[in-house]
Amino acid sequence: MKNYISYKQQPNITESFDAICIGSGLGSLTTASLLAREGKKVLVLEKHYTPGGFTHTFTRNDYEWDVGLHYVGEVHKKGTMLHLLFDYLTEGKLTWADMGEVYDRIIIEGKEYEYVKGVSNFKERMKMYFPTEKDAMAIDKYVDLLFQVSAAGRNFYAEKAMPEWLSTLSAPFLRGKLAKFYKKTTLEVMRELTDNELLIAVLLGQYGDYGMPPSESSFAMHGVLAKHYLNGGAYPVGGSAEIFNTIEPSISKAGGKVYINAAVEEIIIENKKAIGVKLKDGKIIRAPIIISGTGADITYTKLISKEQQPNIPFMQTLKKLKPSASHVSLYIGLEETAEQLGLQKANYWIYPNGRDHDKAVQEYRKDINNPFPVVYISFPSAKDPDFNKRYPGKATIEIITVVEYDWFKKWEGTRWKKRGEDYESFKEKIAQRLLEHLYMVEPQLKGKKLYYELSTPLTTKNFCNYSHGEIYGLDHTPFRFDQKFLRPQSPFKNLYLTGQDIVSVGIGGALVSGVITASAILKRNLLQEMVKMK
């Protein structure tokens with residue numbers, strides 16, 4: 001039974017709501033669920049024909065793939081914050097499958113380095129690869145820094161939920177500990193630890209999870225993400241769509257509703273106060289609270305009218321923040337099970353152009369025909385123990401790499417699935433190159449009959465409205481982390497933001513952003529309340 005409604009089929013929304021959420025990604029869903037638990041009737045409006053944001057799945061030819069959630073850390077271990085939050089939001093109905101001892105395989109210059117779960121296990125494995133005493137000391141210091149970043153982030157995020165006057169007073173104390181990390185790039189911090197470039201390359205083997213090479217990303221972003229996975233990875237049983245399916249009931253239980261095919265065109269502002277939204281067909285829906293989960297750029301530059309934009313004091317600063325990397329995803333389906341094909345749960349991070357991540361990115365940006373800077377391969381059908389029940393006798397694989405949006409700009413304005421033969425030819429060349437990397441690490445797949453299709457930044461832009469087809473919101477640079485306006489409160493009364501631009505990229509960032517936004521709306525520390533309750 002579907003727990004959402006198509007606006008195309010039922011366009012007459014006549015009910016009144018206490019709040020409207022724009023977008024149905026995890027940040028919006030979390031905010032809506034927490035408000036619903038306080039008795040508020042929430043309307044969630046989603047542009048796409050499938051709810052869930054980057055946690056949704058899609059099917060084609062009897063195959064299923066996730067589009068944004070490939071693995072998550074700290075959810076399968078009781079006592080962690082993410083486990084507690086998901087358990088609370090889903091009333092324990094969302095379960096996670098552990099990926100096992102090895103969760104990531106880093107391949108550099110033809111050699112494989114395994115990331116194994118458990119802090120001491122991870123350090124021991126890295127020291128096995130890099131056995132000198134000097135490298136061992138650098139590995140220990142590196143892991144220590146990850147924990148320092150994680151601890152410092154708690155106060156940094158707590159400050160975002162505070163009223164502006166209290167935030168101004170508290171910011172120097174609450175942001176200070178993280179500032180010493182977020183003001184430096186990942187590469188700067190790593191070179192303070194070691195001069196072993198291969199060790200740096202291996203330890204930064206997950207940089208694709210936030211889409212920025214080491215010389216450009218903030219170490220705060222890397223530290224939070226890398227610590228997040230130290231105890232291994234997990235995958236939602238039943239697929240990533242189960243996140244929406246298990247959180248949504250709390251919204252409908254309070255009288256709220258989720259509409260798909262319901263694109264919001266404008267947030268209506270009167271007297272510097274948000275009073276409703278206008279849909280693409282011109283329909284206006286009013287509510288006393290408006291929450292945008294579409295990101296800072298879309299909210300302030302596209303959903304706020306040009307007449308109201310002069311009331312946004314940080315507009316020029318916002319324009320200096322760049323969108324995160326664009327990407328292509330190759331979705332593959334096979335007519336055998338993951339077990340029959342010998343597919344493992346662990347992801348591959350392949351670096352075809354050597355150990356210098358920054359140099360590889362720079363060369364690739366100049367010419368798409370240069371080696372890919374990174375190739376990520378995921379096996380969702382191997383990770384999900386429930387997959388064979390839904391799709392017996394089948395397996396799926398996903399391969400992702402970064403691209404420049406400008407390479408696809410000539411097809412802007414064309415319709416999805418009708419962009420022309422030259423576009424399809426361009427995609428096919430990329431797909432074949434990605435398949436070559438798959439066959440290098442899983443040679444038993446060569447010659448197997450497979451179905452595949454490639455999505456591009458134009459696909460992401462079409463469904464998610466991001467201007468460059470990015471999936472990680474704003475770039476996670478030192479400059480980005482220094483911007484205090486990236487918070488739930490907006491310059492307009494009753495308008496709030498949520499999602500990855502508020503905290504950081506990823507499932508954890510989106511989830512925590514929803515808690516922060518709901519806390520700001522209700523003027524209560526919901527995180528503290530949930531911890532006490534559990």
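Values in this text are rule-based calculations from the coordinates and carry no lab data. Computed from a prediction, not measured in an experiment: that's the story for all the values here. Methodologically, a virtual Cβ is constructed for each residue, glycine included, from the backbone with ideal geometry; neighbour enumeration extends over all protein chains shown.
Odds and ends about this structure:
- Quarter of Cα convex hull surface for the range 105-231, i.e. mean projection, nm²: 8.1 nm²
- Order of GLU15, GLU242 under a 10 Å beta carbon neighbour criterion, fewest first: GLU15, GLU242
- Globularity index of the chain, i.e. its alpha-carbon radius of gyration over 2.2 N^0.38 Å: 0.94
- The fewest-to-most ranking of LEU330, LEU26, LEU450 by surrounding Cβ atoms within 10 Å reads LEU450, LEU330, LEU26.
- The ranking of ARG125, ARG480 from fewest to most other beta carbons within 10 Å of each one's beta carbon is ARG125, ARG480.
- Qualifying lysines (Cα of each under 17 Å from Cα of LYS523; at least 8 residues distant if same chain): LYS40, LYS160, LYS493
- Neighbour net charge for PHE17 - beta-carbon separation under 10 angstrom, K R +1, D E -1: +2
- √(5λ) per eigenvalue of the Cα gyration tensor, the range 251-309, largest first, Å: 20, 13, 12
- Equivalent-ellipsoid semi-axes for the range 1-144 (Cα gyration tensor, √(5λ), whole Å, largest first): 42, 19, 13.
- Average projected area [Cα convex hull, the range 325-464], square nanometres: 9.2 nm²
- Rounded to 5, the percent of DSSP beta bridges in the chain classed as antiparallel: 70 percent
- Positive-end residue of ALA136, GLY118, THR186, charge dipole of the range 105-231 with Cβ unit charges: GLY118
- Residues of the range 223-256 with amide N under 15 Å of the 7 Å Cα→Cβ point at ARG390: 235-247
- When the listed pairs LYS366/LYS429; LYS257/LYS278; LYS366/LYS394 are checked against a 27 Å cut-off, the alpha-carbon distance exceeds it for LYS366/LYS394.
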